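Here, each number is a calculation from the coordinates, and none is a lab measurement. Keep in mind that this is a model prediction, so the values were computed, not measured. Here the Cβ is made from the backbone with ideal geometry for all residues, glycine too, and neighbour counts use every protein chain on show.
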Amino acid sequence: MTYADTPLPEFLQKIVTGFVGRGREADVTARLRSPDDCMTPKALSAYKSSRTSFARILARRMIDERWRIERKFFNCDAEGLGLGRYEITAGQHRFIYASRPYRWDGIEKVGRRSEGAKRDMTGAMFIGMPDEERIAEEIRTFDYRDWDLMRTDSTVAGWTPGSRSARFFDLVVDTLADGRQPDPAVIGQASGYLVRNGGYLACGRFGTLAYEGYPASHPLRHPYFPDLFGLFMVRQVSIELVNGIAAARSAKAVSLAPEMARYLGVGNSSGQGMCVALQRWPHWVSTWIVVRELSIAYAKSMPVGAEKARWERMAMWLRRCAAYYRNTIPTTAEFIVPHPQVAANLELMRNWTIEAARNAPTMRWGDLMARAARSFDRESLEQIHSLLIETYGEFADAAADYLPIGSERERDVVPEMRVGALRDLLRQNYAWALRHDLSLSRARQHFWYHSVDSGEQRRGERVIDPHEEFESFIDHIGLIQRLSSVLDSYDDDATVAEPITDAPELGFAVSRVQYLAGLPFTEIRGNLVDKDFLPSDLIRFMLAVFGMECTTPLSIRQVRGVFFQGMPLIDEIARGADPDWVFPEQPRLHEPELAAE
């Protein structure tokens, strides 16, 4: 089943033509998957981080441009109270990141808003080069550790709170203080991080700079770059912090070996509010998916054995990724395919790749992927898709340039459109939603609302739970069916202004249908208020888009994973680092250096 009927955005059409030549575009677009295949909640749940994910794009830019991240100073006491400052040079731009780690209070802070401002560390990313007093003022603000008292201004791009890992932070400090390196097998089994992200506080919150306020040429003026660079700096601080605490505690302390420091990422745990965000900005979903799916389709159109270096690269990624899955033990395997099973499938795919390249060199990757789709589970298949994107990285990089373009799309009502034209759009783009049966109570069992207490979206059960009158929008199928029902009362020649005037609440539905018209991959093919819908499915999808590895649900409402594991260290980036850093292999250290489990 293909999705070649909806035209690609013009930018992406030109990319395809540039790579395959005029007249051959259909070789690629005919291989696009249908939204019915790749946009159900279960299908989206299986998506994996790839070269088109935002963290990977940022990392590639940092490495290619050799960003210089210079530690001006970092110091802390034996309990972790300290200060750090970094000066970043990215092209013609310079800016400051300041960090304030605190002593641990003995409480593990799991949720993104757990303990409010009382995190184990907080950082501030300035948009430029503030003076000493301005930085000191920001640190004093952090020391309030109370959201009600903490405010900043538009010289700050965002705040980066973080929390220590209760399992591994102290373990690493103790072993370093004892003069040894932590065992990479122990650290790696939990995805390899010491500090977990506590959320990126920006875009006007607490007085921070709005995204639109970034200078046009600023290196962080790209969707999610500020958030993700902040995460990268949290990772850097976590490395400095364990080294600093160990040194303050023991004269024989050692620092993390570079290969161990590189093996560490930064943890992340995200909740169900992401589901509401995805429904609020469907053109973002369209943009993310069309870039990924087009990159897969292009790779599928290529011959497996045409370039030896190419298929050998794919085989290398399959080997490395399989080893990564075997070495990583998820916190819970209740909602995912077991890692050993995924690893075995990747190893089998590697054998198929080598066999096809040697014995059937003209076979297309699409044929090999069809075999994988028949043989493997969806998680394994999507991981292989991500590795195939990596194998044809030059196309993916070109397609990914569409991400900031597609993310900016004006939404408004076109009141002069005729009702008949709007009905046509519903038939063309929402036939699947109009067919969906919402008559059973289980089909509308849940509702979503913004909790004042937690500051985040929560899910309630109709009739049983309060706050239904404060329901947040997430039910796109119900919205479309109501719009279609109301339009039945109007002639085709009437303007859509008439039903909107009679039922103003439908203006939102009309604008949604109108502004998404002509875009591919626009709506999630599932009922998000159904009894059986799992929020973790869409949380995993969004985190994979951001670039998180090991997207493991802790429950149906929360997903944990790691960013930037294996990413080159700051001095390596400045010198020119290896761009193939994902799925790092466990470091091999000399036996005397290792800590016992």
Study note, to complete from the structure: Here Rg/Rh (Cα, Kirkwood) for the stretch 34-165 equals 1.06
Review point. Between rounded, prolate and oblate, where does the stretch 490-584 land on the alpha carbon gyration tensor, with a ≥ b ≥ c its root eigenvalues, rounded for a/c under 1.5, else prolate if a/b exceeds b/c?
Key: prolate
Check your understanding: Which order do THR122, THR89, THR501 fall in if you start with the one that has the fewest other Cβ atoms within 10 Å?
Key -> THR501, THR89, THR122
Check your understanding: Only one of the listed values, (1) 83, 66, 49; (2) 90, 74, 53; (3) 76, 73, 44, was derived from the coordinates as Cα extents along the principal axes in Å; which label is it?
Key -> (1)
Study note, to complete from the structure: Here the relative contact order (percent) of the chain, from C-alpha pairs under 8 Å and at least 6 apart, is 23 percent
Review point. Taking only the alpha-carbon atoms of the stretch 258-370, what semi-axes of the equivalent ellipsoid follow from 5 times the gyration tensor eigenvalues under a square root, in whole Å, largest first?
Key: 30, 23, 14
**Study point:** Global geometry of the stretch 350-484, whether rounded, prolate or oblate, following the gyration tensor of its Cα atoms and the 1.5 cut on a/c
**Key:** prolate
Check your understanding: What angle do you read, to the nearest 10 degrees and between 0 and 90, between the alpha-carbon axis of helix 10-20 and the longest principal axis of the chain?
Key -> 70 degrees
Study note, to complete from the structure: A correct Karplus calculation of ³J(HN,Hα) over the stretch 503-509, with 6.51 cos²θ - 1.76 cosθ + 1.60, θ = phi - 60°, whole Hz and x for Gly and Pro, returns 9, x, 5, 7, x, 5, 5
**Study point:** Within the stretch 1-147: Cβ-based charge dipole about Cα centre, in debye rounded to nearest 20 (Lys, Arg +1; Asp, Glu -1)
**Key:** 520 debye
**Study point:** Between the stretch 276-351 and the stretch 406-441, the alpha-carbon center distance in angstrom
**Key:** 32 Å
Check your understanding: Hey, what angle do you get for helix 339-359 against the long axis of the chain, alpha-carbon based, 0 to 90 degrees rounded to 10?
Key -> 70 degrees
Exercise for review: Give the Rg/Rh ratio for the stretch 178-291, taking Rg as the radius of gyration of the Cα atoms and Rh as the Kirkwood radius, to two decimals.
Suggested key: 1.08
**Study point:** Sequence-distant residues sharing a close amide H with SER451 (under 5 Å, placed H)
**Key:** GLU456, GLN457, ARG458
Review point. Against the longest alpha carbon principal axis of the chain, how many degrees, from 0 to 90 and to the nearest 10, is the axis of helix 476-487 turned?
Key: 20 degrees
**Study point:** With at most 15 neighbouring Cβ atoms within 10 Å, loop chymotrypsin sites (Phe, Trp or Tyr not before Pro) (DSSP) excluded, longest segment of the chain
**Key:** 148-472
